[in-house]
Amino acid sequence: MTKASDVFTLRNNNQVEVSFIARGGQITSIKVPDANGEIADVVIGYDTVEEALAGDTYFGAICGRYANRIVKGQFELNGQQYQLDTNNGPNHLHGGVDGFNLRTWEVEEVDLPQFAQAYKLSLVSPDGDQGYPGELTTIVTYGLTEDNELVIEYDAVSDKDTIINLTSHAYFNLDGAGIGTIANHQLTINADKFTPIDGEIGTVTGEIADVKDTAMNFITAKAIGEALNADCPQVKLVDGIDHNFVINGYDGMVRLAARLESPSSGRAMEVYTDQPGVQIYTGSHFDGTETGKQGKPIEKWAGVALETQIFPDSPNKAHFPEATLKAGEYYRHTCVYKFI
Ligand code: BGC
């Protein structure tokens, strides 16, 4: 049996190291070299496992069963109304009060030829868990390749029709956790459209809007700070970016979602996924009161999360991608974080 505090590390031959704990499958560090071989830990978090267990449980965690917000925690499926936990004002966020980020996953090392090292994390969520129908069995594979890709594969199956949207909630800072904010990072998002939100609490309106002529335009690389400081109503609502972007050309195949680069360290990463959306969240709720890595306060905009996903509130928006998982069918989601 795996214990909540058990730590696992993936290594390759290029000095890349990814560590995670069993509780929430939380990725606690990703160490990558820059062009000069200088290693930095590029995810926000804590120095010790004890702090990680006591701290922000979304840091680097697997979020589910439905990552992001479901308005009022309600949805209808097969003519039946369901009420989920509400843990974000009147809404349901990241799977509820006791989401997958708080569960201890069973972890086992697996030998897969495409990876330098890989681990399989499994979890069985009972029927009715946080209000969701069906017993859901989830397997998440964390694999590290010799091309410096952290591949996250999500597989799940339910014994009843249900809804699902799993994601990973690591916040990246390519200069190293604790070193400034991500305002200087250049971001490119492969998205001509995004889903606007309607208030501080961040629920989507249902609109699919053009990024053109808004601060959300990252079609070509732009410093994130340019958007953070823009006089844009969508940015003002959440003091940053906390938005779902509609990945161009979605067809269920793995494609580029975003690219992040720090001009100061020269480190870059690309995000690939077979999902239709990516939530970009600039960590606007961090306020410096929490101590993170290297004993430094976790400041506003200290890191950026790139969460590949189905759109927020899809179960209540008929024109959004399908979030229903039929009994016995397989949910599969691939997310690749490639470090360059
Ligand atoms: C959401 C934010 C939320 C955060 C919690 C993000 O995925 O988009 O609105 O505050 O998770 O850690």
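The values are calculated or read from the model by the stated rules, or taken from the named source; none is laboratory data. Given the structure is predicted, the values throughout are model-derived calculations rather than measurements. Neighbour counts are summed over all protein chains in view; Cβ atoms, including those assigned to glycine, are modelled from backbone coordinates with ideal geometry. Please note that ligands, DNA and RNA were not included when accessible areas were found on the heavy atoms of the full protein model with its side chains. Shrake-Rupley method; radii C 1.70, N 1.55, O 1.52, S 1.80 Å.
What residues qualify as long-range amide H neighbours of residue 77, i.e. H under 5 Å apart, gap of 5 or more or another chain, H built at 1.01 Å from N?
82
I want to verify a result. In a Gaussian network model of the chain, Cα cutoff 10 Å, which of these has the top mean-square fluctuation: 178, 79, 292?
The residue that fluctuates most here is 79.
With every protein chain present, what accessible area does residue 3 have (1.4 Å probe, heavy atoms only), rounded to the nearest 10 Å²?
Its heavy atoms expose roughly 120 Å² to the probe.
Once phi is turned into θ = phi - 60°, what whole-Hz ³J(HN,Hα) does the Karplus curve with 6.51, -1.76 and 1.60 give for every residue of region 49-55, x standing for Gly and Pro?
With the stated coefficients, region 49-55 comes to 5, 4, 5, 5, 5, 8, x Hz.
Would you kindly derive the ³J(HN,Hα) couplings of region 18-29 from the backbone phi angles with the Karplus curve 6.51 cos²θ - 1.76 cosθ + 1.60 (θ = phi - 60°), listing them in order in whole Hz, with x for Gly and Pro?
10, 10, 8, 10, 5, 5, x, x, 5, 6, 9, 7
Which far-off residues, 5 or more places away or on another chain, put their amide H under 5 Å from the one on residue 275, with H placed in the peptide plane?
It is 334, by chain and number.
Go through 94, 285 and list them by solvent-accessible area, largest first, probe radius 1.4 Å. Show your work: numbers first, answer last.
Numbers: 94 15, 285 105 Å².
From most accessible down to least: 285, 94.
Cα centroids of region 213-238 and region 307-340: how far apart, whole angstrom?
Between the Cα centres of region 213-238 and region 307-340 lies a distance of 25 Å.
Mind listing the phi-derived Karplus ³J(HN,Hα) values for region 147-155, rounded to whole Hz, using 6.51, -1.76 and 1.60 with θ = phi - 60°, and x for any glycine or proline?
Karplus-based 3J(HN,Hα) across region 147-155 equals 8, 6, 9, 8, 9, 10, 10, 10, 10 Hz.
Relative contact order for the chain: what is it in percent, counting Cα pairs under 8 Å that are at least 6 residues apart?
Numbers: 938 pairs, mean separation 63.0, N = 340.
Relative contact order, the chain: 19 percent.
Hey, what number do you get for the chain at 222 nm if only DSSP H runs of n ≥ 4 count, each worth -39500 (n - 2.57), divided across all residues, to the nearest 500?
On the way: 3 runs with 17 residues, N = 340.
Computed ellipticity for the chain at 222 nm equals -1000 deg cm²/dmol.
With every protein chain left in place, what is the accessible area of residue 236 in Å² (1.4 Å probe, nearest 10)?
Approximately 130 Å² of residue 236 is accessible to the 1.4 Å probe.
With every protein chain left in place, what is the accessible area per residue of the chain in square angstrom, probe 1.4 Å?
39
Assuming a ≥ b ≥ c are the square roots of the Cα gyration tensor eigenvalues, decide whether region 51-116 counts as rounded (a/c under 1.5), prolate (otherwise, with a/b larger than b/c) or oblate. Intermediate results must be reported in sequence, preceding the final value.
On the way: a/c = 3.12, a/b = 1.64, b/c = 1.90.
Oblate, since a/c reaches 1.5 and b/c is not below a/b.
Can you sort 273, 137 by solvent-accessible area, 1.4 Å probe, largest first? Walk me through the intermediate numbers first.
Numbers: 273 0, 137 50 Å².
Correct descending sequence by accessible area is 137, 273.
Which cross-chain or sequence-distant (5 or more) residues have an amide H under 5 Å from the amide H of residue 43, H modelled 1.01 Å from N in plane?
Hits under the 5 Å cutoff: 30, 173, 177.
Can you tell me which of 49-62, 241-254 comes out highest on packing, and rank the rest after it, using the mean Cβ neighbours within 10 Å? Could you put the intermediate results ahead of the total?
On the way: 49-62: 20.1, 241-254: 18.4.
The peptides rank, most packed first, as 49-62, 241-254.
If you roll a 1.4 Å probe over the chain with all protein chains in place, what percent of the accessible area is carbon or sulfur? Present the calculation step by step, with values, prior to reporting the outcome.
Working: 6330 of 13130 Å².
Ligands and nucleic acids excluded, carbon and sulfur give 48 percent.
Do any of 193/296; 193/317; 72/338 go past 26 Å between their Cα atoms, and which? It would help to have the intermediate numbers written out before the result.
Numbers: 193/296 36 Å; 193/317 16 Å; 72/338 36 Å.
Check vs 26 Å cut-off fails for 193/296; 72/338.
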